[in-house]
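Here the structure comes first, spelled out in structure tokens, and everything after it is commentary.
The values are calculated or read from the model by the stated rules, or taken from the named source; none is laboratory data. Keep in mind the model is a prediction, meaning the values are calculated, not measured. Note: ideal-geometry Cβ built from the backbone for every residue, glycine included; neighbour counts use all protein chains shown. What goes into the accessible areas is simple: the full protein's heavy atoms, side chains included, and nothing from ligands, DNA or RNA. Shrake-Rupley method; radii C 1.70, N 1.55, O 1.52, S 1.80 Å.
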Amino acid sequence: MGNLVGSWRFKEPSTIEECDSTWGSDSESDEPAAEDDSGISDSVSPAESERAAGHAGDSTPQLTDSPESVPKMKRSFYAARDLYKYRHSYPNFRRSRQPNEYRNLRFYLNKIPLVPDGIYIEEILSKWRGDYDKLEHNHTYIQWLFPLREQGLNFYAHELTQDEIKEFQSTREAKRRFLAAYSLMLDFYGVKLLDKSGNVARAPNWQERFQHLNESHHNYLRITRILKSLGELGYEAFKAPLVRFFLEESLCHGTLSNMQHSILEYFVYTIRLPATRRRLLRYARQHYRPAHAFLWGPPPKKRGGGAGAGGSVGAGSSGIRAPAPTPEQQRRGMESTIFTPAGSGNIVSSHNATMCHELAEGGLKGCTGLGPNMGGALMMVGARAERNEFNEMIPL
């Protein structure tokens, strides 16, 4: 029995709808009950350091209210999957057999420096505040200040473990310094931490820092990491006030207009409570322009109370219904299959084509047992998905 349990693997989602539970239990009251979809378990892991888990450059297009003038946009499956793994404590991870050295905790206790720079946490907290050039151009400290259970770009930084997280959360000195590090980064972004509940407001230097943040897209990756780390180390409640603040600045005041995509595609989905995500997305939908281009739900209600009365769009979809297939399309099965070149005899379903996207990009590694003409079909699928996701980058 032990072998069966040990060999069991969680089936990863293959669509955005499967990754996004935000609207799955939608209710008008949206009371923040124990609706956490974190899926915390004894098995934790670093997420795979995938190219697709990053941000799409965040060059938000200038949209008008004319549907014809709106460029076609869609949500990123890779962003949805990365944040699904985070919220569900990285399923399918195998524990490392290496001894747990608690490097992140020891760093926050000022016992070891960050690598490779050799700088201690107290030096960062006491000397780096206000040194915006250093905070902008140094790319090794962020993984140490905000550790995660996934690998970042600094391969000297160590991933968190569940045991280390528990120890960190019970160590007052480490938690005090962690909040000081959070305040340091907020100041860098022109934001001020107001209280122990995580409420934030504009800092005195907000105009200068917002202008920089609006043009410095790699900091959106950093903010995603900061939000994730807050949740890992016991400050889940701090996320919503910061995300709400950024939504207001970007959608209502236009001070951070280039950040819109990252807020809606990444920041919101670091939050584990679906009810909290729903409230933020409803607020965003009220102020998003053009309104018909809002992609993040809620899905339209079913008509007539039945699947046969028009159906509904899945959670997390754009909310735009696809046109009904013609009888000729139904006969040919065009909406459910992708055919390889004539005479090959191979058919790939749209579902399997989505799952094989990574195989196509990776030169079909691991795609054993496929027919000789299958590679062409998968490469076509990979190319199509690559065009849609070409701006995705690796997470910090």
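Brief remarks follow.
- Elements of type helices (runs of 4 or more DSSP H) contained in the range 171-285, each with 1 or more residues being among the hydroxyl-bearing types (Ser, Thr, Tyr) and open to solvent by less than 10 Å² (accessible area, probe 1.4 Å): 172-188, 218-232
- Residue in the range 135-156 that is among the charged types (D, E, K, R), open to solvent by 50 Å² or more (accessible area, probe 1.4 Å) and touching a residue at least 12 places away in the same chain (Cβ under 8 Å) present: no
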